[in-house]
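Here the structure is laid out as structure tokens; the discussion comes afterwards.
The values are calculated or read from the model by the stated rules, or taken from the named source; none is laboratory data. In this text the structure is predicted, and so the values were computed from the model without any measurement. Positions of Cβ are backbone-derived with ideal geometry, glycine not excepted, and every protein chain shown enters the neighbour counts. For the accessible areas, the whole protein counts, side chains as well, though only heavy atoms, and no ligand, DNA or RNA atoms are used. Shrake-Rupley method; radii C 1.70, N 1.55, O 1.52, S 1.80 Å.
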Amino acid sequence: MSNSGHEMIEEERSVFRGRLNHLFADWKARPFTPTENLFPSDLLKSLRQSGILDALLFVEEGGLGLASPSDRGQFLSLLLRRTGYLSLSLGRCLEGHVNVIRLVALYGAQEQRHTLATTSKKGILTGIWVTDGDPPVTIRKEGGLCRLSGIKGFASGVNEVGLALITATTEQEESVMLLVPTTDAARRQPGPGKLTGMQASGTGAYDFTGLTVSAQDILGTAGDYLRQPEFSAGAWRGSAVAIGAMDRLVDLLREELLARKRVHNPHQLCRIGDAMILQKTASLWVRQAAHAACDCPEMPSEEVTATVNLARLAVERAALELITLVQRGLGLSAFVKGRAVEQIIRDLATYLRQPAPDEALTEGAAWFVRHDWPEDCL
């Protein structure tokens with residue numbers, strides 16, 4: 001890219017930051033609504049109308065490349081964190097949308113990149129659904145086409161997502177990725193049950209049985225979805241969303257103690273100080289993880305994975321400690337349903353239940369027990 005082209009992109013990103021800050025200030029000032037089982041469609045609509053979703057797209061498709069592997073992660077981290085502050089449920093769906101764009105950028109053909117960009121520009125939310133239901137999703141050749149069978153469970157935003165990236169098992173017992181339209185309401189099914197939190201994310205299931213796809217719908221090659229470091233490195237984005245909820249809990253703690261005139265109590269001051277330490281510690285870990293995942297092309301894959309794994313666990317621990325601290329600081333008012341602090345605590349506790357935490361911790365430790373902590377990339 002020429003210098004003038006680079007300067008133009010940077011200027012557009014500055015405009016993006018301004019739009020995001022304006023949207024965030026507007027939504028942050030709005031009163032809390034206790035209805036937690038409705039998908040945050042209005043907030044998603046605001047992101048669409050402000051052009052923020054289009055900014056995630058590839059530069060060659062008119063976007064700013066914020067979700068592409070070459071972005072340093074700064075603007076994307078800000079977007080995910082601000083969204084998590086306003087709605088963890090939308091944050092989860094937005095992170096899935098970003099994940100789809102990144103995987104298509106990494107493994108997709110030019111025509112698939114164009115198709116995804118065209119779909120996204122129409123305001124259609126994409127999702128990544130890889131958890132199998134009963135039966136699992138398989139793909140079998142039938143003449144010149146392929147036929148799908150099976151169900152994807154834990155499908156976030158099942159009623160909102162119009163295009164999903166899914167995994168399917170082939171006749172050779174290999175896993176492949178596909179981009180499949182998911183607009184058939186008759187195929188949508190209830191989820192595994194009512195979750196304690198994150199109800200607004202609309203987690204359900206989708207039945208792909210009988211759908212036919214072509215070879216052009218297959219993304220990359222067999223095994224690409226589990227390819228490192230991307231498979232593990234993308235976890236930093238989920239942590240960025242979680243920090244947004246931590247930011248909000250800290251704000252709610254401060255606001256309620258100010259309203260009660262309890263901020264001069266030394267015990268409460270200690271809680272506020274501890275809360276801010278946890279908040280900043282988590283933020284620094286995510287910054288390190290984003291740096292490793294997005295801005296260090298020479299870093300070994302194992303080191304990227306280990307760094308992000310440890311960051312993910314550090315954010316989880318900080319968030320769980322913050323939840324306990326807020327509950328102690330506010331007492332029973334933090335357990336009253338219909339209040340923002342109670343709902344966000346439940347949402348965050350549910351959101352933090354990411355897969356294989358023990359494995360992530362031991363894999364990270366196994367790398368760094370024999371290697372120094374990475375220096376900043378040049």
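A compact table of results
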quantity: Elements of type strands (runs of 3 or more DSSP E) in segment 158-264, at least 2 residues being modelled with pLDDT under 95 and of a type outside the set (A, V, I, L, M); calculated: 188-190
quantity: Flag if G338 is on the phi > 0 side of the Ramachandran plot, open to solvent by less than 70 Å² (accessible area, probe 1.4 Å) and free of Cβ contacts under 8 Å to residues at least 40 places away in the same chain; calculated: no
quantity: Which numbered condition H371 misses (of (1) part of a helix (DSSP H, G or I); (2) open to solvent by 40 Å² or more (accessible area, probe 1.4 Å); (3) out of contact with any Ser or Thr (no Cβ under 8 Å at 6 or more places or on another chain); (4) touching a residue at least 24 places away in the same chain (Cβ under 8 Å)); calculated: (1)
quantity: The one condition in (1) in contact with a helix residue (DSSP H, G or I) (Cβ under 7 Å, 6 or more places away or on another chain); (2) open to solvent by 10 Å² or more (accessible area, probe 1.4 Å) that P135 fails to fulfil; calculated: (1)
quantity: Among (1) aliphatic (A, V, I, L, M); (2) touching a residue at least 24 places away in the same chain (Cβ under 8 Å); (3) open to solvent by 30 Å² or more (accessible area, probe 1.4 Å) - the single one L269 does not satisfy; calculated: (2)
quantity: Set L106, L80: member being part of a helix (DSSP H, G or I) and at pLDDT 95 or above; calculated: L80
quantity: Single residue of L165, L145 found to be within 16 Å of V100 (Cβ to Cβ) and touching a helix residue (DSSP H, G or I) at 6+ places or on another chain (Cβ under 9 Å); calculated: L165
quantity: Neighbours by Cβ (under 7 Å, 6+ apart or cross-chain): first from segment 239-261, closer than 18 Å to W27 by Cβ and hydroxyl-bearing (S, T, Y); second part of a helix (DSSP H, G or I) and modelled with pLDDT of 95 or more; calculated: none
quantity: Residue identified as modelled with pLDDT under 95, polar (S, T, N, Q) and over 18 Å from R346 (Cβ atoms) among S301, S333; calculated: S301
quantity: Options A306, A311, A290; residue that is modelled with pLDDT under 95 and either basic (K, R) or assigned to a helix (DSSP H, G or I) (or both); calculated: A290
quantity: Within segment 138-155, considering residues that are of a type outside the set (G, A, S) and either more than 19 Å from S214 (Cα to Cα) or without any contact (Cβ under 8 Å) to a residue 60 or more places away in the chain (or both), the one most open to solvent (accessible area, probe 1.4 Å); calculated: K141
quantity: Subset of segment 338-364 [assigned to a loop (DSSP other than H, G, I, E, B) and not small (G, A, S)]; calculated: R339, L352, R353, Q354, P355
quantity: Residue within segment 237-254 that is small (G, A, S), out of contact with any Leu (no Cβ under 7 Å at 6 or more places or on another chain) and open to solvent by 30 Å² or more (accessible area, probe 1.4 Å) present; calculated: no
quantity: Meets criteria (free of Cβ contacts under 8 Å to residues at least 40 places away in the same chain and of a type in the set (S, T, N, Q)) for T115; calculated: no
quantity: One residue from S87, S50, S70 being at pLDDT 95 or above, of a type in the set (S, T, Y) and open to solvent by 10 Å² or more (accessible area, probe 1.4 Å); calculated: S87
